[in-house]
1. Please list the non-local residues whose amide H lies under 5 Å from the amide H of Ser89, H modeled 1.01 Å from N, same-chain partners needing a gap of 5 or more.
2. Spelling out what I want: for every residue of the range 30-36, take phi, set θ = phi - 60°, compute 6.51 cos²θ - 1.76 cosθ + 1.60 (Karplus), and round to whole Hz; glycine and proline get x.
3. Might you list the cysteines of the chain that have no disulfide-compatible partner by the rule of another cysteine's Cβ under 4.7 Å?
4. Among rounded, prolate and oblate, which fits the range 324-452 when a ≥ b ≥ c are the square roots of the eigenvalues of its C-alpha gyration tensor, a/c under 1.5 means rounded, and a/b larger than b/c means prolate?
5. Placing +1 at every Lys and Arg Cβ and -1 at every Asp and Glu Cβ, with all other atoms neutral, what dipole size does the range 68-273 have around its Cα centre, in debye to the nearest 20?
6. Sketch the reach of a paramagnetic label on Asn160 as a point 7 Å from Cα along Cα-to-Cβ, and name the residues of the range 115-141 whose backbone nitrogen lies under 17 Å away.
7. For the range 3-42, give the magnitude of the charge dipole about the Cα centre (Cβ charges: +1 Lys/Arg, -1 Asp/Glu; no others), in debye to the nearest 20.
8. Relative contact order of the range 277-451, please, whole-number percent, based on alpha carbon pairs below 8 angstrom and at least 6 residues apart.
Amino acid sequence: MAKAKTIYFCSNCGHQSGKWIGKCPSCGEWNTFEEEVISKPTKKDAGNIKLIKSVPTAVQDISSGNEKRINTNSIELNRVLGGGLVLGSVVLIGGEPGIGKSTLLLQVALNMVGKKILYISGEESQQQIKMRADRIGIQNVECYLLNETFTDSIFKHSKNVKPDLIVIDSIQTLHTDIIDSSPGSISQIRETASQLQRYAKSSNIPVLLIGHITKDGNLAGPKVLEHMVDTVLQFEGDRHYGFRILRSVKNRFGSTSELGIYEMQSNGLREVLNPSEILLSNRDEIASGVAIAAMVEGQRPLLIETQALISTAAFGTPQRSSTGFDLRRLNMLLAVLEKRSGFRISSKDVFLNIAGGLKVDDPAIDIAVAAAIISSLEDVEIPPNICFAGEIGLSGEIRTVSHVENRISEAEKLGFEKIILSKYSLKNISKKSYKIEIIPVRKVRDLVEVLL
Ligand code: TYD
Ligand code: MG
């Protein structure tokens, strides 16, 4: 055993220091240093995992060959990973408690027929996992469940089972005896993650790792955890709605603009291959204050409903409330509408809602939001066959957005007859190649004219 030592770690960035300091010299945060007892690894401890030796090689002599990937049998997960799981890679999946991380990975493990999976949980017993597996449906009989939190035992079991994939739920429960501090502490997370990383690289077995998220939405544990793994995926969504989005935040083997959409059901997560159809809620009856935005999330076009309700404020200070859309951006749009087209909104309550519980940060939704507000304010309905895509600037100009062609084709595919776009979006597009009517607008004033 080694000599124990006290070290202070910054809980924000993982910077370490021999004594307590008020301000972290690395990330500049105040009051983030926490004391942890660690013992330095002895030679014996450190020698547990062998590293592959590398020698300097001329770049032209290295064969480029694509990384070997294994198919996860899940279209959405494959897409987000950039075409499958790369051998020897470590993928971290973060998300709030209860969002469905364990369900997602257990489902992946149970669906990978023909592959041997070692599913290790430090959070739930084998019986609990089995109950969940029964609910989801077991297709892969070669899925081994293990209750273990000690990394050395995990590596030992892995040697016996020889899996094609290791799933660990979660990094915060793991511990190693090299370090004395409790599981979930910064130094434990750092050390166990680096052991896993070395194990994955030396054995070529990919590791899917679950990580918890703190109150403010960051992955618990230091930022170094994100640097250590190859891929970071974020699982998010509103818990009261069925939709879940799997987003890639970092990917050494693919693009980070990909996105997978799931729906939580009583028998696990269902992959949503055509999201627009679900997001456009029951629209038999048209009402004022509803506008459809042609959005793009990641690389995928999505048509989504925005709803606004404007009413006379009952109290002195009008309320502004927004679900799924940035409140500051809503305030900005209201100010632009007031200043540039003369609507009197400052004395009104404004409520805005994005259907399906999704959070939207594509700026192309701006004109749909503005249209929904104008529609509710003037009490005129927007015909259900129109959709919108464009960003609104401070001077009331309507700016072009990315992926214009994708948006137009998706709207056309879903049977929309008109799409309202920025005039500047039409530069590289021939209107004639689409059946859908394209209506260009330059200013918010033009938008008002089209609507009223
Ligand atoms: P879980 O996967 O345990 O979330 P996490 O690991 O991210 O904390 O939990 C998911 C929630 O999903 C839980 O509240 C129950 C629900 N659920 C379903 O609705 N259907 C299912 O088939 C399963 C397995 C869970
Ligand atoms: Mg869980």
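1. Val207
2. Along the range 30-36, the couplings run 9, 6, 9, 7, 10, 7, 9 Hz.
3. Flagged as lacking a Cys partner: Cys143, Cys387.
4. It comes out prolate by the Cα gyration axes.
5. Rounded to the nearest 20 debye, it is 540 debye.
6. So the set is 117-121, 126.
7. Working: 5 positive and 4 negative charges, 51 e Å.
Dipole size: approximately 240 debye.
8. Reported as a whole number, the value is 25 percent.
Bear in mind that the values in this text are calculations on the coordinates, not laboratory data. Model, not experiment: these values are computed from the prediction. Please note: Cβ atoms are built from the backbone with ideal geometry, for glycine as well, and neighbour counts cover all protein chains shown.
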